[in-house]
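Each remark here refers to the structure printed beneath this line.
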Amino acid sequence: MLRDEQKLIEYFADAPDDISLSDVNLDHLPSHISVIMDGNGRWATRQGKERGEGHIAGISSLRETITACVRLGVDVLSAYAFSTENWKRPQHEVDLLMHLFATTLLKELPLFHQENVRLVFLGDIEALPEKTRDVFEEGLAETAGNTGMVLALAVNYGARAELARAARTLAARVASGDINIEDIDEGAVAASLYTADLPDPELLIRTSGELRLSNYLLWQLAYSEFYVTDTLWPDFDRWELLRGIKAFQGRDRRFGGVKA
Ligand code: IPE
Ligand code: IPE
Ligand code: MG
């Protein structure tokens, strides 16, 4: 993706001691970066605040990550915002998250336009509360014509539910005579996922030190490089993103083969 070199340099000025823009190869950036935004609750608790304060603080981290990825010229940024298991949380926390999704998205639409960002959702957004769903649909329609970075927000997303849904889709197509059983190959499965139009993530970042996937993109992460940082999501910033990209660029990606 095209990037504005001047804006990029400005955005990454005032670097900390350990990392700067010159530490990453701008010609070999991951085209799709995915983040599991974790640790909001712990961030709040450590400061003696309600967990919700952590979710509110986490919004700025996402905003900064979006801008940083746009400046770098990343093609796709995806972010895990709410899992199919997160409904188990106390009702007031679920309600707050649904409210924050709706209000934040509405507020950030001008930013998306300014940065030419196209919004897509991964997950069953039909099942969200009406207000949240309406705003999401508005966001989809409003940004559909944008041609820059794709921002894929995983909301009410679970990889197992996604795979079961893909199986149903393919079974229905066989039953209707649209395709044959033999047509169900890896491409057909990939095309039946929420991520059908997106490349697989090359880099997965998880904050807050947790070493698990929590039902995120099980299919799509098959060959992604993982970067886990102890930084809690509300403390995540452009520099931590660069550290993740630097780690990614130091990896030897073999995809099952051997090095030439
Ligand atoms: C991630 O932070 C945000 C969501 C899952 C919505 P958490 O709320 O999971 O924060 P911790 O893991 O409890 O610290
Ligand atoms: C994963 O985080 C989901 C999101 C970040 C949206 P969780 O905090 O829900 O994951 P677990 O429960 O620690 O596995
Ligand atoms: Mg968590």
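The values are calculated or read from the model by the stated rules, or taken from the named source; none is laboratory data. None of the values given here were measured: they were computed from a predicted structure. All Cβ positions, glycine included, derive from the backbone under ideal geometry; neighbour counts span all protein chains shown. Ligands, DNA and RNA are excluded from the accessible area calculation, which covers all protein heavy atoms including side chains. Shrake-Rupley method; radii C 1.70, N 1.55, O 1.52, S 1.80 Å.
Within the range 220-236, being over 15 Å from the mean Cα position of the chain (by Cα) and either more than 16 Å from ligand 2 (Cβ to nearest atom) or hydroxyl-bearing (Ser, Thr, Tyr) (or both) holds for ALA222, TYR223, THR229, THR231.
For the range 39-66, filtered to residues that are within 20 Å of LEU204 (Cβ to Cβ) and of a type in the set (S, T, N, Q), the residue that is farthest from the chain's Cα centre (by Cα) is ASN40. Restricting attention to the range 87-103, the residues that are surrounded by 17 or more Cβ atoms within 10 Å (Cβ to Cβ) and in contact (Cβ under 8 Å) with a residue 40 or more places away in the chain total 4. Taken over the range 184-209, the residue count meeting the criterion of being in a loop (DSSP other than H, G, I, E, B) and on the phi < 0 side of the Ramachandran plot is 15.
Scanning the range 219-247 for residues that are within 18 Å of MET37 (Cα to Cα) and either part of a helix (DSSP H, G or I) or at pLDDT below 95 (or both) yields a total of 11.
Residue-by-condition table, conditions (1) of a type in the set (Asp, Glu); (2) closer than 16 Å to SER31 by Cβ; (3) more than 16 Å from ligand 3 (Cβ to nearest atom); (4) in contact with a helix residue (DSSP H, G or I) (Cβ under 9 Å, 6 or more places away or on another chain):
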residue	(1), (2), (3), (4)
GLY187	no, no, yes, no
PRO199	no, yes, yes, no
LEU203	no, yes, yes, yes
LEU213	no, no, no, yes
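Just one of (1) closer than 21 Å to ASP200 by Cβ; (2) within 16 Å of ligand 3 (Cβ to nearest atom) fails for LEU72. It is (2). Screening PHE236 with (1) within 16 Å of ligand 3 (Cβ to nearest atom); (2) farther than 25 Å from GLU85 by Cα; (3) not β-branched (Val, Ile, Thr) gives one miss only, at (2). Note on the range 110-155: residues that are under 17 Å from THR84 (Cα atoms) and within 13 Å of the chain's Cα centre (by Cα) total 7.
ILE205 fulfils the conditions (1) within 16 Å of ligand 2 (Cβ to nearest atom); (2) hydrophobic (A, V, I, L, M, F, W, C); (3) over 18 Å from ALA152 (Cβ atoms) except for a single criterion, (3).
Go through the range 150-164 and count every residue that is more than 16 Å from ligand 2 (Cβ to nearest atom), surrounded by fewer than 21 Cβ atoms within 10 Å (Cβ to Cβ) and in contact (Cβ under 8 Å) with a residue 40 or more places away in the chain.
Looking only at that region, the number is 1.
Annotation: ARG3 fulfils all but one of (1) under 21 Å from the mean Cα position of the chain (by Cα); (2) open to solvent by less than 90 Å² (accessible area, probe 1.4 Å); (3) modelled with pLDDT of 95 or more; the unmet one is (3). Residues of the range 21-67 that are in contact (Cβ under 8 Å) with a residue 24 or more places away in the chain, hydroxyl-bearing (Ser, Thr, Tyr) and open to solvent by 40 Å² or more (accessible area, probe 1.4 Å): SER60 alone. The set of residues in the range 1-51 that are part of a helix (DSSP H, G or I) and within 14 Å of ligand 3 (Cβ to nearest atom) comprises ASN40, GLY41, ARG42, TRP43, ALA44, THR45, ARG46, ARG51. Here LEU77 passes the criteria (1) under 29 Å from TYR223 (Cα atoms); (2) within 11 Å of ligand 2 (Cβ to nearest atom); (3) open to solvent by less than 10 Å² (accessible area, probe 1.4 Å); (4) of a type outside the set (Ser, Thr, Tyr) except the one numbered (2).
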